[in-house]
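Read through the structure below, which is laid out as structure tokens, and then see the notes.
The values are calculated or read from the model by the stated rules, or taken from the named source; none is laboratory data. Here the structure is a predicted model, which is why all the values come from computation and not from measurement. Here the Cβ positions follow ideal geometry from the backbone for every residue, glycine too, while neighbour counts run over all protein chains shown. These accessible areas exclude ligands, DNA and RNA; they are computed on the full protein's heavy atoms, side chains included. Shrake-Rupley method; radii C 1.70, N 1.55, O 1.52, S 1.80 Å.
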Amino acid sequence: MKYSVRFFAVIFTIFLTACSTMYYSGLEKIGIPKRDVLVYRVEKARDTQEETREQFKSALEQFSAATNFKGGDLEGIYKKLNGEYEASVNKAKEVRSRIEDIESVSAALFREWEQEITQYSNPALKRSSQDRLTETRSYYKQLIAAMKNAESRIQPVLTVFNDQVMYLKHNLNARAIASLKGELKTLQSNVSTLVAAMEKSINEANTFISNMEKN
């Protein structure tokens, strides 16, 4: 019997959902509700974005410094830039992972919340809970949109950075430095856009956390 890729994707999704459900159920048994897990993961994502913002600023500083090379150890310049590039790649992966963690617990939380609303016998309590769910979802949509927007700004920076680091690796000469200088403005612009998006996302995370803690 042949199975399609879609079939296996569905099975894998069901498996992950089951694992997540068991994980969150386990946490609730020791007094940690999904709501608290969500707030914690948003905090971790915010902290990671702050670290990522600083990492890309550092990478840009090293890139800028390399364009002022006047002679000496070009291999040393390459190693510094490659180190910054690899650190930036790792932070990009971490940002993506943090977002996925938030989406996982938020889906479980909202699904549970919806189910519980149907169980109310008191109309006033049911309406109040529905209003809070609608409000929380609204804040969440703003948050996740800002986080994904910031995450999408990372790859353009990494692409330029990777090209230049590879070129420098195989051309440890004045031509490689000229190439770095030629891409500096593009990299500065991309990093500036990334930092602005990260800061907006960080602000959205703080707002979301504040609103969750109020209710």
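Annotations
- Cα-based shape type of the range 82-208, given that a ≥ b ≥ c are square roots of the gyration tensor eigenvalues and the cut on a/c is 1.5: prolate
- Remark on residue 171: its backbone amide H falls under 5 Å from none of the residues 5 or more positions apart or on other chains, H modelled at 1.01 Å from N.
- Of 80/185; 44/169; 70/93; 34/91, pairs whose Cα-Cα distance is over 23 Å: 44/169; 70/93; 34/91
- Span-rule helices in the chain, defined as complete DSSP H runs reaching 18 Å or more along the axis (Cα) with Kyte mean at least -0.5: 5-29, 154-170, 174-214
- For the chain, the solvent-accessible area of protein heavy atoms averages 58 Å² per residue (probe radius 1.4 Å; ligands and nucleic acids excluded).
- Working ranking of peptides 172-179, 42-49, 70-77, 83-90 by packing, defined as the average number of other Cβ atoms within 10 Å per residue, highest first, is 42-49, 83-90, 172-179, 70-77.
- Accessible surface of the chain [probe 1.4 Å, protein heavy atoms]: carbon and sulfur percent: 52
- Mean-square fluctuations from a GNM of the chain, with a 10 angstrom spring cutoff on Cα atoms, peak among 114, 103, 51 at 114.
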